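Below you'll find the structure, written out as structure tokens, and then a few comments.
The values are calculated or read from the model by the stated rules, or taken from the named source; none is laboratory data. This is a predicted model, so every value here is computed, not measured. Virtual Cβ from ideal backbone geometry, glycine too; neighbours counted across all protein chains shown.
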Amino acid sequence: MSIPIKLAPSIEPKDGPSATPIAFINAIILAYNRYAEDPANALRLSQIEPETLNDPAAHVTASQMEIMSTVAMQELDDEALGWFSRKLPWGSYGMLCRASLTAPTLGIALKRWCRHHRLLTDDIVLSLKEESSTATLSIEQHRQLGDFQELCLVTCLRYALGYACWAIDSRITILGANFPYPSPTHRNAYPLMFRGPVNFDADQASFSFDARYLRLPLRRDENNLQQMLQRAIPLTVLQYRRDRLLVEKIRQLLRLHTDKPCTAASLAEQLHVSMRTLHRQLREEGASLQNIKDESKRERSIQLLVRTTKPLKQVALAVGYRDEKSFSRAFKDWTGKSPGQYRELRINQEQLAN
């Protein structure tokens, strides 16, 4: 008996470049074989000719891969596509997304993701580790995955990465990705999924990124989740342009170099981007370099006023103003009070608190 298949009506199978290796489609065919089901309907809807499956050099579009995966998951009622010792019924990964949605930060959300994934299966175990300034999400295999291994590990890592990017509405720059199998003939497809150094024959599947992303807050709610789940699979290949960590990186550089002015050119050089890219990404984030500089000056000014007894003229020079008058005018715009009034008020507050 056939079941109704839910597909987004706007998907055109052959739209876009053919960059997805046919090996991924063949791995889905393996799932049909495991459950003794016929993949003909999935191949028809995704407009993949059966003879294409025998050409190891063939590729399909991302839309064809999306349709093939979606149809297979629903027809087989297994979102894991045969990878694990038991099925993951349709909606399992949606439940995983929902369980992590209320986390205050990405770090807590990913820890929940890893913990709750184990409730779905213990054939593989996901873990998140933070060492120094680097975070790594890795997969430990507890079951031989055989011919399912590549698609399973690639997809599980991309699910976690895609969800993380969606949750904070930001690109997460990958420092490196590792896979515990030899380099495949279609290795050129990997940079499209993991934009960073990719290594094969590794001990475990994993990807690493700047640990500061873990501190970013989640920006999604239940309504956003409902919309995303209507077409979630593109998250496995979606690359975000916006990098919300950029603003924090600039703030950190400004804190480190309080003794000298930081120009757009010097900041771009330290961030390894062009000035044009720097300003474009700031616009996408709804920020400007001048506003970030003003925030940094305000923060530094308050620290010096409250924690030191430096005269106002020295405070003004320390935060980049040539004279006390221009500093006082800027500080009043920031706080509504003159530097002297602010310092006196904070001193009085501290005395009352003690």
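Using beta carbons and a limit of 8 Å, which pairs, at least six apart or on different chains, have the first residue in the range 144-170 and within 14 Å of L110 (Cβ to Cβ) and the second one modelled with pLDDT of 95 or more and of a type in the set (F, W, Y)?
Cβ pairs passing all conditions: L157/F207; A160/W113; L161/F207; Y163/W113.
Only one of these conditions is not met by S274: (1) at pLDDT below 80; (2) small (G, A, S); (3) farther than 22 Å from L110 by Cα. Which number is it?
For S274, the exception is condition (1).
Report every pair of residues separated by at least 6 positions or lying on different chains whose Cβ atoms are under 8 Å apart, first residue within the range 334-354 and within 17 Å of K313 (Cβ to Cβ) and in a loop (DSSP other than H, G, I, E, B), second modelled with pLDDT of 75 or more and of a type in the set (K, R).
Note: pairs meeting the criteria are S338/K332.
Would you be able to tell me the number of residues in the range 23-52 that are hydrophobic (A, V, I, L, M, F, W, C), free of Cβ contacts under 8 Å to residues at least 40 places away in the same chain and surrounded by 16 or more Cβ atoms within 10 Å (Cβ to Cβ)?
4
Could you list, in sequence order, the residues of the range 44-91 that are on the phi > 0 side of the Ramachandran plot and of a type in the set (S, T, N, Q)?
Q47
Within the range 75-99, which residues are more than 16 Å from C114 (Cβ to Cβ) and of a type in the set (D, E, K, R)?
Matches in the range 75-99: E75, D77, D78, E79, R86, K87.
Going residue by residue through the range 205-228, is there one that turns out to be charged (D, E, K, R) and at pLDDT below 85? Break it down stepwise before answering.
As a first pass, look at the range 205-228 and keep what is charged (D, E, K, R): 210, 212, 215, 219-222.
Then drop every residue that is not at pLDDT below 85, which leaves none.
No, the range 205-228 has no match at all.
Going by the conditions given, is R298 surrounded by 13 or more Cβ atoms within 10 Å (Cβ to Cβ), charged (D, E, K, R), in a helix (DSSP H, G or I) and under 37 Å from the mean Cα position of the chain (by Cα)?
Working: surrounded by 13 or more Cβ atoms within 10 Å (Cβ to Cβ): yes; charged (D, E, K, R): yes; in a helix (DSSP H, G or I): yes; under 37 Å from the mean Cα position of the chain (by Cα): yes.
So R298 passes the test.
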